[in-house]
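Below is one structure, written out as structure tokens; comments come after it.
Please treat every number below as a calculation from the coordinates, not as lab data. Keep in mind that what you see is a predicted model, and the values were worked out from it rather than measured. Don't worry about glycine lacking a Cβ; one is built from the backbone with ideal geometry, like all the others, and counts go over all protein chains shown.
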Amino acid sequence: MAKLTPAPLPPDIRVGDYRIVRKVAAGGFGLIYLALDSRGEQVAIKEYLPAALATRAPGDLAPRVHPDQLSLYRLGLKGFFEEGRALAQISHPSVVRVVDFLQQNDTVYMVMNYLEGASMQDFIITARELKQPKVLRESTIRSLFEEILRGLRVVHQHRMLHLDIKPANVIITDDDRSVLIDFGAARDVLAKEGNFTRPMYTPGFAAPEMYRRDAVMGPWTDLYAIGACMYSCMQGFPPDDAPQRLRSDRTAAALARHRGVYSDNLIELVGWCMSLDAQSRPQSVFALQRELGREGERRYTRLSMSEKIRLQIDTLVSDSPKGSAKAAAPAGP
């Protein structure tokens, strides 16, 4: 018998000083809601409610956890607290902002700024379907990742790794920002590499060391994922996952097919980030920023990053029924 999906909180229920409007997303950890604060401003609320460990009937507020799963539920709750506590320390326009943290209904709620826009993945899919030589223009890719790297550098300065960077976890907002979201896998591993639980990984974007319990992770682990995201912006699809690449690596051949479409410099940067050997990658965000921002490689107008993405897509789809990738995007999951 299939496991029932936990029911979301009903509309108009209050969590602390926030009124639930509707559920906007769900993931393995729980649910995300659009809500209104006491001033009527929109926020995103992330509720800890793992479907593998808890259920909730329609109309109920508190989850039901089987006694056999209670220890795992509490362990996950501790990780959820750690995520919120870590994010609350970071204030940067390219990192999702935690504004409140609440305990109610036998679970925990993380309140974040609500982001209007679309994910990088939405733009990649829309552009890919146009079947143009360039999925996203080089100027767009450079602008986009320069901004993402500024936020990631602050994350690393707080002794944290994101550990789940992928196009679906980058929101391009309507007010011209690229924002890293979903820090559910984030860990304080730069401060204490010892006995911590290795996070779930996303195939194609997870570095080889994330598959091995004895390997050390560091900034180079997140930078592998940055390279994989840039690869996706060029190719339209994620790269092969690390275990497949270790058996038979086709990444260099795939990148070589883009010579003449993208600059040699950008192709080499992606290959550098995606090296299977951790020590052969950039060892810090600053090292990658320095190469990505080289003045000789800047060949774009002064349009903003999101303007350029939307201009590219709007121009190409003006005669197409597929439409735009624009959508409302929550701050997770």
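Rank these for me by crowding, E209, E83, going from fewest to most other beta carbons within 10 Å. Show your work: numbers first, answer last.
Working: E209 19, E83 23.
Ascending number of Cβ neighbours within 10 Å: E209, E83.
What is the fewest-to-most order of Y18, Y224 by other Cβ atoms lying within 10 Å of their Cβ?
Y18, Y224
Kirkwood hydrodynamic radius of the range 213-275 from all distinct Cα pairs, in Å?
By the Kirkwood definition, the hydrodynamic radius is 12.2 Å.
What order do you get for L4, L288 when you list them from fewest to most C-beta neighbours inside 10 Å?
Ranked by crowding around the Cβ, least crowded first: L4, L288.
For D100, enumerate residues with amide H under 5 Å from its amide H, sequence gap 5+ or separate chain, H modeled in the peptide plane.
HN-HN under 5 Å from D100: V111.
Could you give each residue of the range 233-242 its phi-based ³J(HN,Hα) in whole Hz, using Karplus coefficients 6.51, -1.76, 1.60 with θ = phi - 60°, and x for Gly or Pro?
Coupling constants for the range 233-242: 5, 8, 8, x, 9, x, x, 4, 6, 4 Hz.
On a C-alpha basis, how far is the centre of the range 266-293 from the centre of the range 70-147 in Å? Whole number, if you could?
23
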